[in-house]
Amino acid sequence: MTRLDRLDALPFTREHRKLLYGSGVGWALDAMDVGLFSFVIVALTQQWKLESGEQGIIASVGFLGMAIGASVGGLLADRFGRRQVFAITLLIFGLATGASALVWSVGALIALRFLVGLGLGAELPVASTLVSEFAPPRIRGRIIVLLEAFWAVGWIAAAVIGYFVVKAGDDGWRWALLIGAVPAIYAAVIRFGMPESVRFLQSRGKNLQAENTVRRFERSAGIDAPHLSALPAASESDAAETATVEPAVPARERLAALFAPVRRGQTIALWTVWFCVNFSYYGAFVWIPTLLVNSGFSLIQSFTYTLIITLAQLPGYAASAYLVEKWGRNRTLAIFLIGSAIAATLFGLATVEWQIIAAGMLLSFFNLGAWGALYAITPELYPTKLRGTGAGWAAGFGRIASIIAPLIVPTLAKTAGLPTVFIVLATAFVIAAIAAFQLHDRRGQSIDDFTEEPAKVPAPAA
């Protein structure tokens, strides 16, 4: 039984839980930063008298940083390891967020939001890659959706801070951003407390470290690890497996491999989903508080409705976590995207308070459930040597849409009206759903049991 077979055969242990929570808290802090800024921009617009163009630039520059961060972070994760990149990205965006609380001009805020985006963009695909490489195959999709569910926790925290802190006074937005600097402290905990991916360690010939990590998880499960003498000799030392170590593949070759004929269709479909989901999500949720204020609601009403709408993210993630293992990743993703399209259309047509809240909650439910399924399926589409690169560049390409959407939405809302904005967003969801049906489903398989052809999907659980 190989080392990776032993890891995959384990039940969900205390060590898995620590890894999930450790990564999830970082994920929640990321979400808190993004969510906080949707409230901060409302306060800054009133305090600094920002024009719609300035609002769009401030919002979009962070997403430009996220696009670059995701792409570079994925490459670095495949070259230097998942854990190190995860910790460094948390540190970068945490410090930059704290510094944003001290800004004195629009220019300074734009520069710091770019740095925040660099860290934030790199962290998310790296974290999902790390957790997916440890999760037991039979529940891997569910674990990744639960990891993504920490995004809702962070966004809810942002809504609470926005409601109680941002509106508390002229400097409320500064205090809110200071709270967002917590990741800088948490980064140190992440760096020393989390294990490096066994699959990455083994691919680099660090077999003793990989063996010790597997034994750590086996002890957590109450399983006696096999004696070293019972293992293949190659497991006893780093030097013993030197001959089987995969050489570090240059970044250019890894990028070209994403579009090799055998996986080109999957990469194009995946990038399409990431682009459209980012466009619709950030086109809607970054601007919901502002759009509500512009529609005549007070600042307090806007923040209250946004908080209520955000709460619906949690059951969306819960449903997705269940369905990715019952229906499969691609079907769950596509169905939640279709639900998102319907909800976006209803939100754009809503005219009274109860309709706005109900449609907004539906949008939260389906859209965030779709995000969970998307993060579950993405790392599974690529082999270990390309996994970080594949996940990072899919996310990076998607971030291009998150740059475009905040620039388009304010102008489109002013010229064509709110219904048109959400019909455009709904159309993007439909395109994403069509592409999602093309993605391979590797439910229940080892993440290393990799072929470039569609896997035979296990029969749904009774």
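Of all the residues in the range 39-66, those that are closer than 30 Å to Arg199 by Cα and open to solvent by 10 Å² or more (accessible area, probe 1.4 Å) number 0.
Among the residues of the range 121-174, those identified as in a loop (DSSP other than H, G, I, E, B) and open to solvent by less than 10 Å² (accessible area, probe 1.4 Å) are Glu133, Phe134, Ala135, Pro136. Scanning the range 407-424 for residues that are touching a Phe, Trp or Tyr at 6+ places or on another chain (Cβ under 6 Å) and under 14 Å from Gln55 (Cα atoms) yields one hit, Val409. Applying the set (1) within 23 Å of Met66 (Cα to Cα); (2) open to solvent by less than 40 Å² (accessible area, probe 1.4 Å) to Gly360 leaves exactly one unmet item: (1). Here is the figure for the range 393-425: residues that are farther than 19 Å from Arg140 by Cβ and open to solvent by less than 10 Å² (accessible area, probe 1.4 Å) total 11.
Taking the range 108-120 as the range and being in contact (Cβ under 8 Å) with a residue 60 or more places away in the chain and either open to solvent by 10 Å² or more (accessible area, probe 1.4 Å) or not in a helix (DSSP H, G or I) (or both) as the test, only Arg113 passes. Listed by first and then second residue, the pairs with beta-carbon distance under 6 Å, at least 6 apart or on different chains, first residue in the range 342-359 and closer than 17 Å to Thr310 by Cβ, second open to solvent by 10 Å² or more (accessible area, probe 1.4 Å) and outside any helix (DSSP H, G or I), are Ile356/Ala350; Ala359/Ala350.
Is it the case, given these coordinates, that Arg219 is basic (Lys, Arg), over 20 Å from Ala31 (Cβ atoms) and either at pLDDT below 85 or surrounded by fewer than 17 Cβ atoms within 10 Å (Cβ to Cβ) (or both)? So Arg219 passes the test.
Among the criteria (1) within 21 Å of Ile161 (Cβ to Cβ); (2) open to solvent by less than 10 Å² (accessible area, probe 1.4 Å), the one Leu19 does not fulfil is (1).
The values are calculated or read from the model by the stated rules, or taken from the named source; none is laboratory data. Just so it is clear, the model here is predicted, and its values are computed rather than measured. Counting neighbours? That spans all protein chains shown, and the Cβs are built from the backbone with ideal geometry, glycine included. With ligands, DNA and RNA removed, areas are computed over all heavy atoms of the protein, side chains included. Shrake-Rupley method; radii C 1.70, N 1.55, O 1.52, S 1.80 Å.
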